[in-house]
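See structure below.
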Amino acid sequence: MTIYGVAILAFCYVTGQLAGELLGYLIGIDANVGGVGFAMLLLILLNDWLIKRDHLDKLTEGGILFWSQMYIPIVVAMSAVQNVKVAVSSGFIALLAGIVPVLLCLATVPLLSRLSKPKPVDQDGDYYPIS
Amino acid sequence: MEIIIRFLEKNGLVVAFLLVGLIMYVSTIISIRLTNRKIPASAIAILGGLVLAYFGGIYSGGEKGVADLKLFSGFGIMGGSMFRDFAIVSTAMGASFLVMKQTGWVGALSLLIGIVLSFLGGVAVALLWGYTDAVSLTTIGAGACTYIVGPVTGAAIGASSDVMALSIAAGVVKAIFITIATPFIAPSIGLNNPHSAMVFGGLMGTTSGVSAGLAATDPKLVPYGALTATFYTGLGCLICPSVLYLLMHLIFPA
């Protein structure tokens, strides 16, 4: 059933986010540390386990896949609620303080990527760039 | 007219589904007809969202972009952190655990480098503008990490409210700039595979920017970038007001 998929996703979300909140609390900061990351890892593992036991039918899977297809529309809605006005109007220092670090970090992406052992492309599965 | 507006307001989330659907449709047409599929539809749609947010903010005077207009209040729910994180988690379905394990340590390294580099970049800009006290420098540097790290750090070390506002603005600019720039820069920095996406997420850190930027580049990369980015804000809140503040305090004693 579709709701099973949604519920599995919700279980991973709640468990992961709670772990992130707890971790933040334990190291004494007022922020969620890695909640989404824990939830994602949990979903990957759970998905694997369910497939092995053959508990995952098409409809259940659909309950999860629906949300991953809603991802871009949700991001569009998210960008529409950003405080763009303050970003544009708060002057040059905010613009530079936001942009300079990004450029610095972008320059190091290729450097760090080379550190992780590159694998032949086909091992990651076929790669289709979207249109 | 008033009845219609009240009706749309009451059904905000569903109205948002409808409007975002329309934005996606129009963006797809623009992408195909005007850019010959050169610019992905999702990138156009996200840019459109930002433009809407700008005019929404000017018209309403609020802080939540278009969501401050009653007609568009559902955008606040649909684009809020709950739906966003829920959808991000679901993208993990198609991700490879093997890749994540292999890139794990580089991802952690990129987190540290990303925070320190962003911090230093923000501090350098603040220095150029004449700030010389450790508290303001640290707060603006923290804002250059994400718009959450900035105010959290500022509150912890007692920054003035205008510096806090500045640090939030810097973080918002960062998120928006990453959103817009990622699809254009991606080819020249080799951002086309899960490995570099994890490094990218760790270096950039701001979840909204990384997730939107990668979505506009290639949705397949989203889970990898999001996985590392999700640790960034927490780690930033940890080391900005502590280690990095002490460092600033040593270099710029009051």
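May I ask you to list pairs of residues, at least six apart or on different chains, whose Cβ atoms are under 6 Å apart, with the first in segment B:223-248 being away from every other protein chain (no Cβ under 11 Å) and aromatic (F, W, Y) and the second being assigned to a helix (DSSP H, G or I) and crowded, with 24+ Cβ neighbours inside 10 Å?
If the second residue must be assigned to a helix (DSSP H, G or I) and crowded, with 24+ Cβ neighbours inside 10 Å, the pairs left are B:Y245/B:T138.
Counting just the residues of segment A:47-64 that are assigned to a helix (DSSP H, G or I) and more than 10 Å from every other protein chain (Cβ to nearest Cβ), which one comes out nearest to B:R84 (Cα to Cα)?
A:G62
Out of curiosity, is B:I39 in contact (Cβ under 8 Å) with a residue 24 or more places away in the chain, touching a Phe, Trp or Tyr at 6+ places or on another chain (Cβ under 8 Å) and either of a type in the set (A, V, I, L, M) or within 7 Å of another protein chain (Cβ to nearest Cβ) (or both)?
It is false that B:I39 is in contact (Cβ under 8 Å) with a residue 24 or more places away in the chain, touching a Phe, Trp or Tyr at 6+ places or on another chain (Cβ under 8 Å) and either of a type in the set (A, V, I, L, M) or within 7 Å of another protein chain (Cβ to nearest Cβ) (or both).
Taking A:Q69 and the conditions (1) at positive phi; (2) surrounded by fewer than 19 Cβ atoms within 10 Å (Cβ to Cβ), which numbered condition does it fall short on, given that it satisfies the others?
Against the list (1) at positive phi; (2) surrounded by fewer than 19 Cβ atoms within 10 Å (Cβ to Cβ), A:Q69 comes up short only on (1).
Please verify whether segment B:178-200 includes one or more residues that are facing chain A (nearest Cβ under 8 Å), farther than 20 Å from A:K85 by Cα and touching a Cys at 6+ places or on another chain (Cβ under 9 Å).
yes
Can you name every one of the helices (runs of 4 or more DSSP H) wholly within segment B:192-254 that holds 2 or more residues which are of a type outside the set (V, I, T) and under 18 Å from B:G154 (Cα atoms)?
By residue number, B:222-239, B:245-251.
Whether any residue in segment A:65-75 is over 25 Å from B:I178 (Cβ atoms), at pLDDT 90 or above and in a helix (DSSP H, G or I) is what I want to check.
yes
State which residue is surrounded by the fewest Cβ atoms within 10 Å (Cβ to Cβ) when the search covers only segment B:51-91 and only residues that are more than 7 Å from chain A (Cβ to nearest Cβ) and among the polar types (S, T, N, Q).
B:S81
Please indicate, with yes or no, whether at least one residue in segment B:187-202 is crowded, with 24+ Cβ neighbours inside 10 Å, more than 19 Å from B:T103 (Cα to Cα), out of contact with any strand residue (DSSP E or B) (no Cβ under 6 Å at 6 or more places or on another chain) and not acidic (D, E).
no
Would a scan of segment A:1-14 turn up a residue that is in contact with a Gly (Cβ under 6 Å, 6 or more places away or on another chain), facing chain B (nearest Cβ under 7 Å) and in a helix (DSSP H, G or I)?
The answer is no, given that none of the residues of segment A:1-14 is in contact with a Gly (Cβ under 6 Å, 6 or more places away or on another chain), facing chain B (nearest Cβ under 7 Å) and in a helix (DSSP H, G or I).
Taking the condition in contact with a Phe, Trp or Tyr (Cβ under 8 Å, 6 or more places away or on another chain) and not basic (K, R), does B:G141 pass?
The answer is yes for B:G141.
The values are calculated or read from the model by the stated rules, or taken from the named source; none is laboratory data. Just so it is clear, the structure is predicted and the values come from calculations on it, not from any experiment. Counting neighbours? That spans all protein chains shown, and the Cβs are built from the backbone with ideal geometry, glycine included.
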